[in-house]
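The values are calculated or read from the model by the stated rules, or taken from the named source; none is laboratory data. Everything quoted here is computed from the prediction, not taken from an experiment. As a convention, Cβ positions derive from the backbone with ideal geometry for all residues, glycine included, and neighbour counts pool all protein chains shown. Note: areas computed on protein heavy atoms with side chains; ligands, DNA, RNA excluded. Shrake-Rupley method; radii C 1.70, N 1.55, O 1.52, S 1.80 Å.
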Amino acid sequence: MATAASPRVFKNFINGEWVESRSGKAYENRNPANTDELVGIFVASGSEDVNAAVDAATEAYKSWRLVPAPKRAEILYRAAELLLQHKEEFSSDMTREMGKVLAETRGDVQEAIDMTYYMAGEGRRLFGQTTPSELPNKFAMSARQSIGVCGMITPWNFPMAIPSWKMMPALVSGNTVVLKPAEDTPLSSYHLVQILMEAGLPNGVVNLVSGDGPNAGAPLAGHKDVPVVSFTGSTAVGRIIAEMCAPDFKHCSLEMGGKNIIIVMDDANLELAVDGAIWGGFGTTGQRCTAASRVAVHKSVYGEFVSRFVARAKKLRVGDGLDATIDMGPCINEQQLKTVMSYVEIGKAEGAKLLTGGNRLTSGAYAKGWFHEPTVFGDVAANMRIAQEEIFGPVVSVIPVDNFEHAIEVANGVPYGLSASIYTRNVNLAFAAMRDLYTGIVYVNAPTIGAETHLPFGGTKQTGNGHREAAIAAIDFFTEWKTMYIDYSDKLQRAQIDNAE
Ligand code: ADP
């Protein structure tokens with residue numbers, strides 16, 4: 001384990017080697033639960049580092065695209081097995097670098113394992129179509145083709161899962177990769193890349209450049225030899241990335257913010273709904289793009305729900321995620337903690353009722369980390385800023401609603417559209433909600449969080465730009481269709497013309 005006395009120094013990974021920074025700059029990455037603990041020193045890359053990584057990926061693409069997909073997949077199968085062997089070590093390193101509790105970091109590594117196995121399976125599918133031609137003695141088919149170097153810019157809240165969502169479908173499809181992980185969580189990406197190399201990935205197929213957004217992310221997104229950019233992060237940065245991609249018509253996939261809701265109807269199993277709201281609201285310290293930061297409760301069960309929910313929120317144990325008795329870890333960094341604290345003030349000023357929490361935790365062991373109390377606001381109006389804007393922290397707004405129609409109106413009345421959930425035992429309402437909630441993901445009798453790797457993931461409105469991650473949807477993003485016609489009639493045949501009579 002790294003200590004302040006023996007810091008681990010990490011490099012960039014370019015063309016199959018761990019290399020020094022060309023920028024000559026480095027930065028410290030510290031444990032958000034205890035900032036005395038140095039997790040490691042990482043390269044603060046600049047455009048020279050990015051250019052070298054893109055050059056390596058461009059060269060490697062020439063041969064990687066020709067490796068048969070089932071052979072590419074064999075490497076992914078081996079990588080999944082190696083990840084499984086290292087699961088405990090990678091999970092505890094992840095908790096140290098970003099704070100979420102061990103049960104959740106194990107889930108994060110498991111998601112990478114699942115995605116790697118799943119995409120390895122796709123190596124023997126990648127199906128296209130064959131179809132009759134409209135002309136005699138002519139054959140028609142479609143096949144997927146790889147695109148080239150994929151630039152990936154990822155956030156800190158799922159430090160291994162999200163890079164795997166992007167890398168595995170890109171790789172099995174025959175693309176090469178340059179990954180720029182979030183500055184707060186380069187270690188988990190380091191582990192993932194290391195495993196892929198151990199599994200036998202050829203040099204240059206995957207490259208890693210650590211560093212911040214403007215200095216390392218922007219040169220990657222804007223690089224002329226990077227035709228595909230896959231980004232997960234804030235809506236503000238997503239807009240910058242989209243603008244950088246537009247002049248060259250790059251393929252650009254954006255996964256951005258959320259303001260997700262749990263609807264609790266009057267016939268809901270209230271205890272189940274409370275369980276869901278606690279997990280959805282405070283899991284990962286509320287730092288998930290799918291976090292349930294709003295709960296809309298039917299007025300006839302509002303009082304009962306709120307008293308049970310608040311009682312449970314008060315009991316959550318906050319602390320270092322490596323301690324198995326802890327329920328909720330710290331915020332990722334000081335800036336995020338300050339954002340949370342500022343939204344608490346905004347909520348109070350807007351007239352929402354602070355029911356529990358609302359403070360930074362600073363005593364004893366909390367003094368060295370970025371901890372905040374689980375916080376619940378009640379009597380929140382749907383148009384308040386705390387009910388409209390993504391906070392990305394342990395703050396839940398409870399909104400009373402009159403009926404089902406009102407709940408749907410509140411649910412859809414935000415700029416985002418990632419995930420929504422309804423607790424009801426009425427099958428008619430459940431189906432109406434599935435139809436009317438304008439989000440990319442809908443849950444019935446389960447909270448808004450928790451994606452499975454073989455189903456599409458993503459959202460509507462300002463959450464995304466129409467693409468989806470995971471499942472076959474990810475293969476769709478990382479490939480292009482090629483349609484092929486083979487005419488074996490030995491004469492000129494013209495579609496739409498020669499078959500008209
Ligand atoms: P978060 O709120 O999750 O930190 P950000 O959108 O700030 O979300 O960051 C997500 C990723 O985008 C990170 O890897 C970050 O370094 C990167 N990033 C931030 N700003 C830029 C930028 N101007 N250009 C490219 N990448 C950026």
Using θ = phi - 60° and the Karplus relation 6.51 cos²θ - 1.76 cosθ + 1.60, list the HN-Hα couplings for segment 26-33 in order, rounded to whole Hz, with x at every Gly or Pro. 9, 9, 8, 10, 10, 6, x, 8
Could you run the Karplus curve 6.51 cos²θ - 1.76 cosθ + 1.60 with θ = phi - 60° over segment 132-140 and give me ³J(HN,Hα) per residue in whole Hz, x for Gly and Pro? x, 6, 7, 10, x, 6, 9, 10, 9
If you put +1 on each Lys and Arg Cβ and -1 on each Asp and Glu Cβ, how big is the dipole of the chain around its Cα centre, in Debye rounded to 20? 40 debye
Can you list the lysines whose alpha carbon sits under 24 Å from that of LYS71, skipping same-chain ones fewer than 8 residues off? LYS62, LYS166, LYS482
Separation in nanometres of the label points that stand 7 Å from Cα toward Cβ, at ARG385 and GLU409: 2.5 nm
Please report the relative contact order for the chain, taking Cα pairs under 8 Å with a sequence separation of at least 6, and give it as a percent rounded to a whole number. 18 percent
Linear extension gain, LEU455 paired with SER489, 0.36 nm per residue minus alpha-carbon span: 7.9 nm
What FRET efficiency do you get for MET141 and GLU271 if R0 is 51 Å and r is their Cβ-Cβ distance, rounded to the nearest 0.05? 0.40
Using the alpha-carbon atoms, what tilt in degrees (0 to 90, nearest 10) does helix 270-282 show relative to the longest principal axis of the chain? 70 degrees
Just the number, please: percent antiparallel of the DSSP beta bridges in segment 291-447, rounded to the nearest 5. 25 percent
Low-density loop positions, trypsin sites (Lys or Arg not before Pro), segment 124-212 - DSSP coil, at most 16 other Cβ in 10 Å: ARG124, ARG125
Rel. contact order, % - alpha carbon contacts under 8 angstrom, at least six apart, segment 261-444: 28 percent
To the nearest 10 degrees, how steeply does helix 302-315 sit against the main Cα axis of the chain, on a 0 to 90 scale? 80 degrees
Heavy atoms of LEU272 accessible to a 1.4 Å probe, total area in Å² rounded to 10: 70 Å²
Relative to a virtual label point 7 Å from the Cα of GLU89 in the Cα→beta-carbon direction, which members of segment 158-192 show backbone nitrogen distances below 20 Å? 159-161, 164, 185-192
Furthest towards positive pole of dipole, GLY107, LEU135, PRO68, structure part segment 1-153, Cβ charges: LEU135
Can you list residues whose amide H is under 5 Å from ALA44's amide H, if they're 5+ apart or on another chain and H is modeled 1.01 Å from N? LYS25, ALA26, TYR27
At R0 = 22 Å, how high is the FRET efficiency between GLU334 and GLU28 if r is their beta carbon distance? Nearest 0.05 is fine. 0.95
Can you classify the chain as rounded, prolate or oblate using the Cα gyration tensor, where a ≥ b ≥ c are the square roots of its eigenvalues, rounded means a/c under 1.5, and otherwise it's prolate if a/b beats b/c and oblate if not? oblate
Could you give the dipole magnitude of segment 261-444 about its Cα centre, charging the beta-carbon of Lys and Arg +1 and that of Asp and Glu -1, in debye to the nearest 20? 380 debye
In degrees rounded to 10, the 0-90 angle between helix 334-350 Cα long axis and the longest Cα principal axis of the chain is 50 degrees
With a probe of 1.4 Å, find how much accessible area segment 261-444 has per residue, and write the answer as a whole number in Å². 39 Å²
Under 20 Å between alpha carbons, and skipping anything fewer than 8 positions from LYS491 in its own chain: which aspartates and glutamates qualify? GLU134, GLU501
At a 1.4 Å probe radius, carbon and sulfur cover how many percent of the accessible area of segment 261-444? 52 percent
Starting from the Cα of LYS368, draw a straight line to each of the lysines and keep only those under 25 Å, dropping any in the same chain fewer than 8 residues away. LYS100, LYS314, LYS315, LYS338
May I ask you to give the percent of accessible area on segment 87-190 that is carbon plus sulfur, with a probe radius of 1.4 Å? 51 percent
Orphan Cys of the chain, criterion: no other Cys C-beta under 4.7 Å: CYS150, CYS289, CYS331
Run through the DSSP bridge list for the chain and note the antiparallel percent, rounded to the nearest 5. 45 percent
